[in-house]
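**Q** Pasting a structure below so you can have a look.
The values are calculated or read from the model by the stated rules, or taken from the named source; none is laboratory data. None of these values were measured; they are calculated from a predicted model. As a convention, Cβ positions derive from the backbone with ideal geometry for all residues, glycine included, and neighbour counts pool all protein chains shown.
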Amino acid sequence: MQPSAKAVKYQQRSGSPNRQQPRKPQQPQYVSNYRNSQPSQQQQYPKKTQHTSIPINSRNSSYSADSPYASSAMSEYNLRNGFIKKVLCILMMQLAISTVAIGVTFIDKSAIRTFMVENKWLMWVALVVSLASMIVLVCKRDAFRKVPMNYILLFVYTVSMSYLLAAIAATTESDVVLFALGFTVLIVLAVTLYACFTKTDVTKARSIISGLIMTALLVLIFALCFRSRFLSVIYSGLVGVIFTIILAYDIQKLIGKYEQQYSLDEYIMASLDLYIDIIQIFLAILSVRRSTD
């Protein structure tokens with residue numbers, strides 16, 4: 001039995017399942033492929049996470065332990081500290097050799113003086129050897145990087161310079177030598193504290209150091225020409241001031257926090273510079289004291 005016409009119209013109005021839904025227009029294939037290739041909004045813009053501030057300087061912070069910047073800074077800090085310790089150990093050995101050589105002259109000053117006067121050629125040999133070894137270390141850049149050649153050259157220079165210092169101390173009164181040694185120690189300690197804790201960058205004062213060196217050379221020329229004892233004292237004082245400034249300059253280069261600094265493979269050069277500074281300060285004080293007595 002077929003339904004009547006009214007029943008058919010009623011079923012169409014009430015949305016019965018027998019009603020045929022209109023077909024949606026089918027999209028072309030390239031449009032569906034394009035939409036499937038695009039990432040969703042959630043994938044394209046990931047959800048922001050809330051970051052908490054982590055103290056960088058905190059020792060217990062995970063940032064300071066895991067960050068590559070912090071680890072590289074710590075490694076550089078440890079390398080610089082190891083470099084400073086190495087330079088200071090070498091410098092202490094050099095100063096110990098020179099101090100022992102000077103101290104030997106206090107045992108029997110007259111006998112040692114007689115020996116050095118009778119063997120003046122040893123002083124000339126020591127002078128030539130010290131100059132030659134220093135020139136090789138300074139001018140030949142690879143010499144102070146090659147082990148053990150750099151240690152051998154530095155040891156030869158230190159021994160020859162120590163012999164020259166012993167010869168000078170043998171011809172000087174003991175109290176004058178002791179005064180120069182004590183005053184040198186005080187100056188070195190004061191300059192070290194100043195160079196380590198000051199905010200002034202002494203490594204930028206190269207022009208001032210150059211000007212003082214030129215002034216000292218002019219005073220030396222006048223002192224040699226006029227044979228003036230007063231000019232000799234002024235020259236010795238200028239040399240002491242110049243090498244005091246150079247000592248602060250070299251200490252700041254050693255620390256490595258300023259414009260000029262030693263590289264990590266220049267430990268022989270750094271110890272040589274500091275040794276020369278201290279010896280020149282000692283000789284300047286000794287010369288001033290001998291001239292004023």
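**Q** What is the number of the single condition among (1) of a type in the set (A, V, I, L, M, F, W, C); (2) in contact (Cβ under 8 Å) with a residue 24 or more places away in the chain; (3) part of a helix (DSSP H, G or I) that V136 does not meet?
**A** (2)
**Q** Let me ask another. Taking the residues in region 191-226 that are crowded, with 16+ Cβ neighbours inside 10 Å and β-branched (V, I, T) as candidates, determine which candidate is farthest from I251 (Cα to Cα).
**A** Out of the qualifying residues, it is V219.
**Q** Next question, about the same structure. Give region 69-109 a look and list any residue that's modelled with pLDDT under 80 and surrounded by fewer than 12 Cβ atoms within 10 Å (Cβ to Cβ), or say none. Write out each step before concluding.
**A** In the first step, residues of region 69-109 are kept if they are modelled with pLDDT under 80; the result is 69-77, 108-109.
Y69, S72, S75, Y77 - these are the residues of region 69-109 that are modelled with pLDDT under 80 and surrounded by fewer than 12 Cβ atoms within 10 Å (Cβ to Cβ).
**Q** Residues to consider are D175, D142; find the one that is modelled with pLDDT of 85 or more and loosely packed, with under 13 Cβ neighbours inside 10 Å.
**A** Working: D142 fails: modelled with pLDDT of 85 or more.
Going through D175, D142 in turn, the sole match is D175.
Rundown of residues vs (1) out of contact with any helix residue (DSSP H, G or I) (no Cβ under 7 Å at 6 or more places or on another chain); (2) assigned to a helix (DSSP H, G or I); (3) hydrophobic (A, V, I, L, M, F, W, C), yes/no style:
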residue	(1), (2), (3)
T158	no, yes, no
A195	no, yes, yes
S210	yes, yes, no
S232	no, yes, no
I242	no, yes, yes
L247	no, yes, yes
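**Q** With (1) at pLDDT 90 or above; (2) under 20 Å from L127 (Cβ atoms); (3) of a type outside the set (D, E) as the list, and Y151 as the residue in question, which single condition is left unmet?
**A** Exception for Y151: condition (2).
**Q** Is it true that some residue in region 162-171 is modelled with pLDDT under 90, over 27 Å from the mean Cα position of the chain (by Cα) and among the polar types (S, T, N, Q)?
**A** Among the residues of region 162-171, at least one is modelled with pLDDT under 90, over 27 Å from the mean Cα position of the chain (by Cα) and among the polar types (S, T, N, Q), which makes the answer yes.
**Q** If you go through region 266-284 one residue at a time, do you hit one that is assigned to a loop (DSSP other than H, G, I, E, B) and modelled with pLDDT under 85?
**A** Scanning region 266-284 turns up no residue that is assigned to a loop (DSSP other than H, G, I, E, B) and modelled with pLDDT under 85.
**Q** Restricting attention to region 212-234, which residues are closer than 24 Å to L272 by Cβ and without any contact (Cβ under 8 Å) to a residue 24 or more places away in the chain?
**A** M214, L217, L220
**Q** Here is a follow-up. Within the group V185, V176, which residue is assigned to a helix (DSSP H, G or I), under 22 Å from S291 (Cα atoms) and within 31 Å of the chain's Cα centre (by Cα)? Step through it out loud before you land on a result.
**A** Numbers: V176 fails: within 31 Å of the chain's Cα centre (by Cα).
Going through V185, V176 in turn, just one is assigned to a helix (DSSP H, G or I), under 22 Å from S291 (Cα atoms) and within 31 Å of the chain's Cα centre (by Cα): V185.
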